[in-house]
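Values quoted throughout were computed directly from the atomic coordinates according to the rules given, and no laboratory measurement underlies them. Given the structure is predicted, the values throughout are model-derived calculations rather than measurements. Positions of Cβ are backbone-derived with ideal geometry, glycine not excepted, and every protein chain shown enters the neighbour counts.
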Amino acid sequence: MQQHLLKLLPTINIIEDKEIPVKLWDIPQTISELSYLTHDYFRYYGKFPSTVAAQLLEQFPAPKNGILLDNFAGSGTSLVEASLRGVKSVGIDINPLAVLSGKVKTSRYDTNNLEKTFTKLSNSFFDINTNFLPTNLPNESFLKKWFQESVVVDLARLREIILKIDNTKERDFFILAFLAVIRRVSLAYDGEVRPHINPKKRQRNAFEAFAKKVKDMTRTQIEFNFAFANRTEGEAILANSMENYSKHLPKGNYWLVISHPPYLNCFDYLPVFNLELEWANSFEHLWCGKTKKDLRKQELKAWPAKTEKSVKDYYGSLERAYKITFDLQPRGGKCAIVIGDCTIQGKLEKVHKKLIGVMEKIGYKISEINYRTTNYSTGKYSYQHRADYHGKDEEKKDAILVFEKN
């Protein structure tokens, strides 16, 4: 059944032009169509289409003891696609929200227990004394800027009762649901990448938003359990992709790396999730002893690319990251990188072509160049207009570059 259902999920239309040594991957689906199953658990800005990971896993089937590695895992898109196919996977990311998302989205849950736990949470929420005084809140100026007072109290109540859940795995499920509605119940625009105040935003009730999210996630989990009973749970690790994390990895054959690093001059990721990270401070196990300041210092800086040094540092960071994957992979291992070009002060920066040079310096050999078309949207802050991936060489390209370890 699982293999049959995989064939029903969205796929990529691949168009090959023999006169040009590239392929075009057409992705016609909308965002909602690409958010099937657990992909919709947490809105992660700047993620790549789930069908890209699916295509790569189909194109390069896992060998015995094969483990997929995603060294810029984000919210776990690659991990979910590996899970659907019964393939072990490990994701590395510097963002605690990303690591939490990757774990929860690939985990197995008893939905009857989830429903019972939610009933207890609901009862506890409404039983809390009306004189409840929140503790361990984000700083006052932050709260006043982004949240109504009633919302702050309700979020604090929710956070307190979630922290009392004994089952760690279940607690993570409800933490993710809680953090997934932070932007929604704030005063920020829902759809923007970097949060900005929306003066016309209709305020939502925090508990109602949380309850709806939990019910949606539980319903998806029922479908996930029924349709993909043989799926494999992924592993997500909080670590710096540019520092050696091999001691944290399970032993296996890392035959395939799927990687989606931050795009140059697009945006840095941690500031995008500032609202959620502030409310995540009390969930200490997510941070592994680190602080937001610690992680910010280690993050791959992609924005703003104002100087020659900042651009050079960006490529240097990528070189350090892929030297690590090179050492982890066997000879013949594939490394697929989703990367896009950008403009810097109006001038085109051909990031994907420069990255080929970086990878070949490490020891990888380019084996495929695929350009992708996207019909669903482009990030408001990454492009001034839709990139034309079919156009002239001078225009922006969004590529899936496949390298092989010699």
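Under a model in which nothing but the beta-carbon of Lys, Arg (+1) and Asp, Glu (-1) is charged, the chain shows a dipole of about 400 debye around its Cα centre. Residues whose amide H lies under 5 Å from that of Phe403, counting only those 5 or more places away or on a different chain, are Cys335, Ala336, Ile337, Ser367; hydrogens are built 1.01 Å from N in the peptide plane. Counted over the chain, the DSSP beta bridges are approximately 55% antiparallel.
For region 82-181, the gyration tensor built on C-alpha atoms gives an oblate shape. Its axis ratio a/c (a ≥ b ≥ c) is at least 1.5, and a/b is not larger than b/c.
If R0 equals 35 Å, the separation of the Cβ atoms of Gln148 and Lys306 corresponds to a calculated FRET efficiency of about 0.45. With neighbours defined as other Cβ atoms within 10 Å of a residue's Cβ, the residues Val87, Val80 order from fewest to most as Val87, Val80.
For the pairs Lys201/Lys312; Lys103/Lys144; Lys354/Lys405; Lys247/Lys353, flag any whose C-alpha to C-alpha distance is greater than 30 Å. Exceeds cut-off: Lys201/Lys312; Lys103/Lys144; Lys247/Lys353. Each of Phe142, Phe228 was scored by other Cβ atoms within 10 Å of its Cβ. Arranged with the fewest first, they read Phe142, Phe228.
Ordering Asn112, Tyr189, Gly332 by the projection of their Cα atoms onto the charge dipole of the chain, which places +1 on the Cβ of Lys and Arg and -1 on the Cβ of Asp and Glu, puts Tyr189 at the extreme positive end. Ordering Ile356, Ile92 from the fewest to the most neighbouring beta carbons within 10 Å gives Ile356, Ile92.
Dipole magnitude for region 111-227: about 340 debye, using +1 per Lys or Arg Cβ and -1 per Asp or Glu Cβ, origin at the Cα centre.
Applied to region 154-164, the Karplus parametrisation 6.51 cos²θ - 1.76 cosθ + 1.60 on θ = phi - 60° returns per-residue 3J(HN,Hα) values of 5, 5, 5, 4, 4, 4, 5, 6, 5, 4, 8 Hz, with x for Gly and Pro. Between helix 111-127 and the chain there is an angle of about 40 degrees, using the helix long axis and the longest principal axis of the Cα atoms. Our helix-only sum for the chain, with -39,500 (n - 2.57) per DSSP H run of n ≥ 4 divided by its residues, gives a mean residue ellipticity at 222 nm of -12000 deg cm²/dmol.
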